[in-house]
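One structure is given below, encoded as structure tokens.
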Amino acid sequence: MNKFKAQIIAMMRPVGHKHLSMTDAALCKECQPKVQAAKELYDKVVRKNPEVLARAKPTFKPTEELKEMWDNLQERVKYDTMYRKHLELSFKGTIDQQNKEADKVNKGFYEKNSEWTKKQL
Ligand SMILES: [Zn+2]
């Protein structure tokens, strides 16, 4: 929740009692002025800068492990022609080709036969 929303909610918070709804709070003698003040502030601020209500976008931070996996994958696609062919068939091939590729992966075909892996060893 952003700071502004938290502030509005804090402004309306009843002290020493509770309300089940905003309607109840607005009818309560003690809370009515608070609700009114919060509503006025809310309307004023939102009218002036509607972006205060915008949710902050979470920034994606890849972990070190993910970065390494990505680097490895890029390198492999670049240099391992057999693996590149496998990806092409897996994504663009016919259903039959896709199934064949899936079988090959499951049997460890690319682990055993990749030139790239051999180069790494
Ligand atoms: Zn109240």
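Details
- If the condition is being among the aliphatic types (A, V, I, L, M) and more than 30 Å from the chain's Cα centre (by Cα), then region 18-58 contributes 20, 22, 25, 26, 27, 35, 37, 38, 41.
- Residue 15 meets all of the listed conditions (1) within 16 Å of the ligand (Cβ to nearest atom); (2) under 31 Å from the mean Cα position of the chain (by Cα) but one, namely (2).
- Among the residues listed as 39, 29, 61, the single one being within 16 Å of the ligand (Cβ to nearest atom) and not in a helix (DSSP H, G or I): 29
- Scanning region 88-99 for residues that are assigned to a helix (DSSP H, G or I) and surrounded by 15 or more Cβ atoms within 10 Å (Cβ to Cβ) returns 89, 90.
Read-outs: derived from the displayed coordinates by stated rules, not from any lab. What you see is a predicted model, and the numbers here were worked out from it, not measured in a lab. Note that each Cβ is placed from the backbone with ideal geometry, even for glycine, and that neighbours are counted across all protein chains shown.
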